[in-house]
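Peer 1: The structure follows.
Bear in mind that the values in this text are calculations on the coordinates, not laboratory data. Note that the structure is predicted; figures quoted are calculated from it, not measured. Cβ sites come from the backbone with ideal geometry, for glycine too, and all protein chains shown count toward neighbours.
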Amino acid sequence: MLHESVKSLNVLNAYSNKYGICLASEMIDKKTNEIPTTKTILERIIIKDAIITWDALNTQKKNVETVIKGKADYCVPIK
């Protein structure tokens, strides 16, 4: 059982498979989810010529537009 003063840590990470490192991390506001945070992370890192992937939750129009604007490619699931 968690103590009441212990809060969960909600963080979204951008990870590089090529280099095996975390490129960026962003805290997720407790009143939201990771959907708006994905766009923020994509704008913080250089994605040109990269292939961006994520889970179905993040397959949002704004996220795809951000990848295209960053001159990257994407391979994402849809529901």
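Peer 1: For the chain: lysine pairs with Cα atoms under 16 Å, gap of 8 or more or different chains, count?
Peer 2: So the count of such lysine pairs works out to 14.
Peer 1: For the peptides 35-45, 56-66, 20-30, what is the packing order when you average, over each peptide's residues, the other Cβ atoms within 10 Å and list the highest mean first?
Peer 2: Details: 35-45: 16.9, 56-66: 14.5, 20-30: 12.2.
So the order, starting with the most tightly packed, is 35-45, 56-66, 20-30.
Peer 1: Turning to a different aspect of this structure: List the residues of the range 27-53 whose backbone N lies under 20 Å from a point placed 7 Å from the Cα of Asn10 along the Cα-to-Cβ direction.
Peer 2: 27-43
Peer 1: How large is the dipole of the chain about the Cα centre if only Lys and Arg carry +1 and Asp and Glu carry -1, each at its Cβ, rounded to the nearest 20 debye?
Peer 2: For the chain, the charge dipole is close to 180 debye.
Peer 1: Here is a further query. Towards the positive end of the charge dipole of the range 33-79, with charges on Cβ (+1 Lys, Arg; -1 Asp, Glu), say which of Ile78, Ile47, Ile68 has the farthest Cα.
Peer 2: Checked the options; the winner is Ile68.
Peer 1: In addition: Out of all DSSP beta bridges in the chain, what portion is antiparallel? Express it as a percent rounded to 5.
Peer 2: In the chain, DSSP labels about 75 percent of beta bridges as antiparallel.
Peer 1: Continuing with this model, one more query. Can you give the percent of C-alpha pairs in the range 11-74 whose distance is more than 20 Å?
Peer 2: 20 percent
Peer 1: While we're looking at this one, here's another question. Would you calculate a helix-derived [θ] at 222 nm for the chain, using -39,500 (n - 2.57) for each DSSP H run of n ≥ 4 and dividing by the full residue count, to the nearest 500?
Peer 2: -7000 deg cm²/dmol
Peer 1: To the nearest 10 degrees, how steep is helix 35-44 against the longest Cα principal axis of the chain, on a 0 to 90 scale?
Peer 2: Between helix and principal axis, roughly 60 degrees.
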